[in-house]
Amino acid sequence: LNTDLQAAIDVAAGLDALDAVRVHALGKNGVVTGLLKTLGKMSPEERQVEGPKINGLRAEIAAAIESRKSALEADLLAARLSSETLDLSLPPKEMPKGSIHPVSQVMDELAEIFADLGFAVATGPEIEDDWHNFTALNIPETHPARAMHDTFYFGEEQQRDGQPMMLRTHTSPVQIRTMTSEKPPIRIIAPGRTYRSDSDATHTPMFHQVEGLVIDRDIHMGHLKWTLETFVKAFFERDDIVLRFRPSYFPFTEPSAEVDVGYSLKDGKRIIGGDPTKEDGGWMEILGSGMVNRRVIEACDLDPDEWQGFAFGCGIDRLAMLKYGMDDLRAFFDGDLRWIRHYGFSV
Ligand code: PHE
């Protein structure tokens with residue numbers, strides 16, 4: 001029996017055949033199992049002789065099956081390794097890509113346009129103190145402009161050097177930070193986040209502005225006008241854009257002007273550019289500007305008789321909406337991937 005079983009194990013050509021031999025020998029009704037069962041009916045003397053023999057046979061057969069199994073598995077692996085190839089030149093599976101948010105895209109465009117005009121990019125903190133956000137900008141404590149800003153204040157226990165702290169309500173404090181840390185001439189833009197307690201289809205509590213500031217000798221409103229015209233035409237990529245300067249008031253500029261761009265109607269949509277005086281055309285406000293108030297220059301320890309300049313502040317989100325045709329500001333900050341896939345810029 002031993003030699004028969006050993007022979008069957010040796011000729012088993014595959015794992016299935018080998019398993020059949022295992023069942024035939026060691027299974028519940030296997031031949032070796034059958035022999036083991038006979039031990040129970042033997043006399044003790046007989047069992048002492050036959051027991052070791054039968055158990056020895058069982059162990060031998062089990063070991064033979066195990067070793068044949070390992071050999072078959074090794075053959076199988078070797079066959080797979082020699083038949084399969086790994087093509088290292090195949091392109092990898094594409095990973096999901098991110099995209100540039102329209103606000104970031106516009107900030108990049110602004111930095112590029114103004115870099116060509118000699119402007120550097122400046123930044124300031126989003127958590128500001130009272131002096132930088134208001135007082136140095138000629139907005140004293142009693143000034144009604146403070147009420148207009150819908151400011152998010154921090155609690156009294158968060159005051160710094162006795163000053164109330166707040167989320168900056170505009171990027172204008174970066175004017176102050178730049179004038180107090182750098183020597184003129186100054187030419188900067190300062191894009192960034194700003195905050196006001198306001199929320200509807202065209203206002204979000206967090207929004208983006210870009211500040212512009214030029215401080216030099218003999219700067220006048222002509223420089224402001226040329227700079228804004230050059231910027232708007234470059235940004236909207238059209239030469240037929242007209243600007244309208246409307247007298248206005250900001251505490252930190254004097255004189256001040258709000259600037260409108262002309263739009264015309266194309267396929268029922270408002271397009272920046274064209275003739276605003278034509279039927280269906282009109283004006284759209286895009287920014288605030290003016291000559292830097294001499295009180296602001298003085299607050300920064302500069303001599304206003306030597307240094308003058310202009311400043312402007314512009315909503316970035318509005319610029320993005322106008323240029324790329326989005327109509328709900330709130331969608332900008334919802335974080336909906338479908339929106340960003342539709343409007344985002346590929347990286
Ligand atoms: N800071 C003003 C605002 O938020 C905009 C502005 C900036 C106006 C600079 C004039 C000069 O409305």
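The values are calculated or read from the model by the stated rules, or taken from the named source; none is laboratory data. Bear in mind that the values here come from a model prediction, so they are computed numbers and not experimental data. Neighbour counts run over all protein chains shown; Cβ positions are idealised from the backbone, glycine included. All accessible areas refer to the heavy atoms of the entire protein, side chains included, with ligands and DNA or RNA removed. Shrake-Rupley method; radii C 1.70, N 1.55, O 1.52, S 1.80 Å.
When restricted to residues that are open to solvent by 30 Å² or more (accessible area, probe 1.4 Å) and within 16 Å of the ligand (Cβ to nearest atom), the range 311-326 contains 1.
When the range 175-199 is filtered for residues that are of a type outside the set (Lys, Arg) and open to solvent by 70 Å² or more (accessible area, probe 1.4 Å), the ones remaining, listed by number, are THR180, SER181, GLU182, PRO185, SER199.
Across the range 203-242, which residue is nearest to the chain's Cα centre (by Cα) among those that are within 16 Å of the ligand (Cβ to nearest atom) and over 18 Å from ILE316 (Cβ atoms)? Steps first, please.
As a first pass, look at the range 203-242 and keep what is within 16 Å of the ligand (Cβ to nearest atom): 203-215, 219-221, 223-225, 227-228, 231-232.
When the remaining residues are screened for being over 18 Å from ILE316 (Cβ atoms), the result is 214-215, 219-221, 223-225.
Values: VAL214: 31, ILE215: 34, ILE219: 39, HIS220: 40, MET221: 38, HIS223: 36, LEU224: 34, LYS225: 35 Å.
If we take residues in the range 203-242 being within 16 Å of the ligand (Cβ to nearest atom) and over 18 Å from ILE316 (Cβ atoms), then VAL214 is nearest to the chain's Cα centre (by Cα).
Within the range 119-163, restricting attention to residues that are polar (S, T, N, Q) and closer than 23 Å to GLU298 by Cβ, which residue is farthest from the chain's Cα centre (by Cα)? Full working, then the answer.
Initial filter on the range 119-163 (polar (S, T, N, Q)): 123, 133, 135, 138, 142, 151, 158-159, 163.
Still in the list and also closer than 23 Å to GLU298 by Cβ: 133, 135, 138, 142, 163.
On the way: ASN133: 28, THR135: 35, ASN138: 36, THR142: 40, GLN163: 34 Å.
Here the residue is THR142.
The set of residues in the range 1-30 that are touching a residue at least 40 places away in the same chain (Cβ under 8 Å) and open to solvent by 40 Å² or more (accessible area, probe 1.4 Å) comprises LEU1, ASN2, GLN6, ASP10, LEU15, ARG22.
Taking every residue in the range 241-260 that is under 16 Å from THR171 (Cβ atoms) and open to solvent by less than 60 Å² (accessible area, probe 1.4 Å) and pairing it with any residue that is in a loop (DSSP other than H, G, I, E, B) and within 12 Å of the ligand (Cβ to nearest atom), at least 6 positions away or on another chain, the pairs with Cβ-Cβ distances below 8 Å are PRO251/ASN138; PRO251/ILE139; PRO251/ASN293; PHE252/ASN138; PHE252/ILE139; PHE252/SER172; PHE252/ASN293; THR253/ASN293.
GLN48: under 30 Å from ASP334 (Cβ atoms) and surrounded by 10 or more Cβ atoms within 10 Å (Cβ to Cβ), yes or no? Taking the combined requirement at face value, the residue does not satisfy it. If the condition is being at pLDDT below 90 and either in contact with a Gly (Cβ under 9 Å, 6 or more places away or on another chain) or over 12 Å from VAL103 (Cβ atoms) (or both), then the range 317-330 contributes GLY325, ASP327, ASP328, ARG330.
Among the conditions (1) among the aromatic types (Phe, Trp, Tyr); (2) crowded, with 16+ Cβ neighbours inside 10 Å; (3) farther than 25 Å from GLY344 by Cβ, the only one that TYR153 does not satisfy is (2). For the range 329-341, check the following and say yes or no: at least one residue is open to solvent by 80 Å² or more (accessible area, probe 1.4 Å), over 20 Å from PRO191 (Cα atoms), within 35 Å of the chain's Cα centre (by Cα) and not charged (D, E, K, R). So far as the range 329-341 goes, yes, one or more of its residues are open to solvent by 80 Å² or more (accessible area, probe 1.4 Å), over 20 Å from PRO191 (Cα atoms), within 35 Å of the chain's Cα centre (by Cα) and not charged (D, E, K, R). Which of (1) under 25 Å from ARG295 (Cα atoms); (2) more than 14 Å from the ligand (Cβ to nearest atom) is the odd one out, the single condition ILE176 does not satisfy? It is condition (2) that ILE176 fails.
Please enumerate the residues belonging to the range 284-307 that are more than 17 Å from PRO251 (Cβ to Cβ), touching a residue at least 12 places away in the same chain (Cβ under 8 Å) and more than 12 Å from the ligand (Cβ to nearest atom). If you could, list the steps in order and put the result at the bottom.
Quick first cut of the range 284-307, residues more than 17 Å from PRO251 (Cβ to Cβ) only: 284-286, 301-303, 305-307.
Right, trim to touching a residue at least 12 places away in the same chain (Cβ under 8 Å) and you get 284-286, 301-302, 306-307.
Passing the criteria: MET284, ASP301, LEU302, GLU306, TRP307.
Of the residues GLY268, GLY222, the single one that is exposed (fewer than 13 other Cβ atoms within 10 Å of the Cβ), farther than 24 Å from ARG177 by Cβ and at pLDDT 95 or above is GLY222.
Considering only residues that are hydroxyl-bearing (Ser, Thr, Tyr) and open to solvent by less than 100 Å² (accessible area, probe 1.4 Å), look in the range 62-90 and name the one that is farthest from the chain's Cα centre (by Cα). Before the answer, list the steps.
As a first pass, look at the range 62-90 and keep what is hydroxyl-bearing (Ser, Thr, Tyr): 67, 70, 82-83, 85, 89.
Checking which are open to solvent by less than 100 Å² (accessible area, probe 1.4 Å) leaves us with 67, 70, 82-83, 89.
Numbers: SER67: 58, SER70: 53, SER82: 46, SER83: 45, SER89: 32 Å.
Once the filter is applied, the top-ranked residue is SER67.
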